[in-house]
Amino acid sequence: MILLLAVASGLLAGWLRATIRGRRLAAPNLFLLWLLVAAFVLQAIAFQLPTRKLLPDQIASIFLCVSQGMMLIFAMSNRRLPGFWMLIVGLAMNLGAIALNGGFMPISPETIQKLVPNAPPGSWEIGQRFGTGKDIVLPVGKTILWILSDRFLLPEWMPYHVAFSLGDVVISIGAFLTLWSAAGPETPKDK
Amino acid sequence: MKNALAQTVLLACKVQPHHIRLMLMLLAITMFVIGVGAPESGGSIGE
């Protein structure tokens, strides 16, 4: 949700910037777009579609790491575009935490207790994957690169509760900058 | 029905290549942030 908010606000900010400057929103050609789509399909199979309940945890973690590697290649091939370096750094931060902690993003028991205080007993276990999501429950002392894990929570007064990482913050900034920079040439009426 | 079809065709004719590229970029960025980002909402527990 927070990442989609960054996309929406980046698009709005880019549109406003283009309008004020008398330009139109334009987009550069993206390289290896098919690789991004393929990676997205892998993640949909592992974490979004009903197939997520059929895949063993080990296969899901492989799907996650492989798909993020594919997205890294996509991002690197488009690194000349504004904002993409932030996307690359954010992705690397998340991928680093995931790869070093059993192929899933680590989340601490304390964070889970704040995130879902009414979770049924036995619905999650330390050392196990958290439901069918991308996270694994690990104590802080057993998490490698804990600083990059899902350790931040949105304020309680917000209706949407989510745990996110430092990498997610960097990705949000990168997405915002990429869309903010989508200003094309001046419109003919201004010449 | 004919009127709606005609209006749809007229609207489709107004779509220019840079509109399509912009939509593709927006779709790409959205797919990227959903795929790369890892925020957890706790909605998958109990599955």
The number of residues in the stretch A:73-84 that are open to solvent by less than 10 Å² (accessible area, probe 1.4 Å) and either in a loop (DSSP other than H, G, I, E, B) or polar (S, T, N, Q) (or both) is 1
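Filtering the stretch A:7-22 down to residues that are open to solvent by less than 70 Å² (accessible area, probe 1.4 Å) and within 11 Å of chain B (Cβ to nearest Cβ), which residue is nearest to the chain's Cα centre (by Cα)? If you could, list the steps in order and put the result at the bottom.
The first filter runs over the stretch A:7-22 and keeps only residues open to solvent by less than 70 Å² (accessible area, probe 1.4 Å), leaving A:7-11, A:13-14, A:17-18, A:22.
From the residues that got through so far, the ones that are within 11 Å of chain B (Cβ to nearest Cβ) too are A:7-8, A:10-11, A:14, A:18.
Working: A:VAL7: 11, A:ALA8: 15, A:GLY10: 15, A:LEU11: 17, A:GLY14: 21, A:ALA18: 26 Å.
Here the residue is A:VAL7.
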Does A:ILE136 satisfy the condition of being among the β-branched types (Val, Ile, Thr) and closer than 19 Å to A:GLY96 by Cα?
yes
Which condition number in (1) crowded, with 20+ Cβ neighbours inside 10 Å; (2) at pLDDT 90 or above is the one that A:ALA182 fails?
(2)
Selection count, the stretch A:103-116, where residues are of a type outside the set (Phe, Trp, Tyr) and crowded, with 17+ Cβ neighbours inside 10 Å:
9
From the set of residues in the stretch A:23-58 that are within 24 Å of B:ARG21 (Cα to Cα) and touching a strand residue (DSSP E or B) at 6+ places or on another chain (Cβ under 6 Å), which is nearest to the other protein chains (Cβ to nearest Cβ)?
A:ALA26
State yes or no: is A:LEU4 surrounded by fewer than 17 Cβ atoms within 10 Å (Cβ to Cβ), more than 9 Å from chain B (Cβ to nearest Cβ) and of a type in the set (A, V, I, L, M)?
no
Residues (within 23 Å of A:PHE63 (Cβ to Cβ) and part of a loop (DSSP other than H, G, I, E, B)) located in the stretch A:154-179:
A:VAL162, A:SER165
Looking across the stretch A:131-153 at residues that are under 17 Å from A:ASP57 (Cβ atoms) and either of a type in the set (A, V, I, L, M) or over 17 Å from the mean Cα position of the chain (by Cα) (or both), the single one that is least open to solvent (accessible area, probe 1.4 Å) is A:VAL137
Report yes if A:MET70 is touching a Gly at 6+ places or on another chain (Cβ under 8 Å) and either open to solvent by less than 70 Å² (accessible area, probe 1.4 Å) or within 26 Å of A:ILE147 (Cα to Cα) (or both), otherwise no.
no
Only one of A:LEU11, A:LEU55 that is in a helix (DSSP H, G or I), modelled with pLDDT of 85 or more and among the aliphatic types (A, V, I, L, M)
A:LEU11
Restricting to the stretch B:16-43, and then to whatever is small (Gly, Ala, Ser) and either modelled with pLDDT of 80 or more or buried (at least 18 other Cβ atoms within 10 Å of the Cβ) (or both), can you tell me which residue is farthest from A:GLN68 (Cα to Cα)?
B:GLY42
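For A:LEU87, are the conditions met, namely being open to solvent by less than 20 Å² (accessible area, probe 1.4 Å), within 10 Å of chain B (Cβ to nearest Cβ) and either assigned to a loop (DSSP other than H, G, I, E, B) or under 19 Å from A:ASP168 (Cβ atoms) (or both)? It would help to see each step written out before you state the result.
Values: open to solvent by less than 20 Å² (accessible area, probe 1.4 Å): yes; within 10 Å of chain B (Cβ to nearest Cβ): yes; either assigned to a loop (DSSP other than H, G, I, E, B) or under 19 Å from A:ASP168 (Cβ atoms) (or both): yes.
Yes; evaluated as a whole, the condition is true for this residue.
Report yes if A:ASN29 is in a loop (DSSP other than H, G, I, E, B) and open to solvent by 50 Å² or more (accessible area, probe 1.4 Å), otherwise no.
Details: in a loop (DSSP other than H, G, I, E, B): yes; open to solvent by 50 Å² or more (accessible area, probe 1.4 Å): yes.
In short, yes.
The values are calculated or read from the model by the stated rules, or taken from the named source; none is laboratory data. Since we're looking at a predicted model, the values are computed, not measured. Ideal geometry is used to build each Cβ from the backbone, glycine not excepted, and the neighbour counts take in all protein chains shown. Protein only, heavy atoms only, side chains kept; ligands, DNA and RNA dropped before computing areas. Shrake-Rupley method; radii C 1.70, N 1.55, O 1.52, S 1.80 Å.
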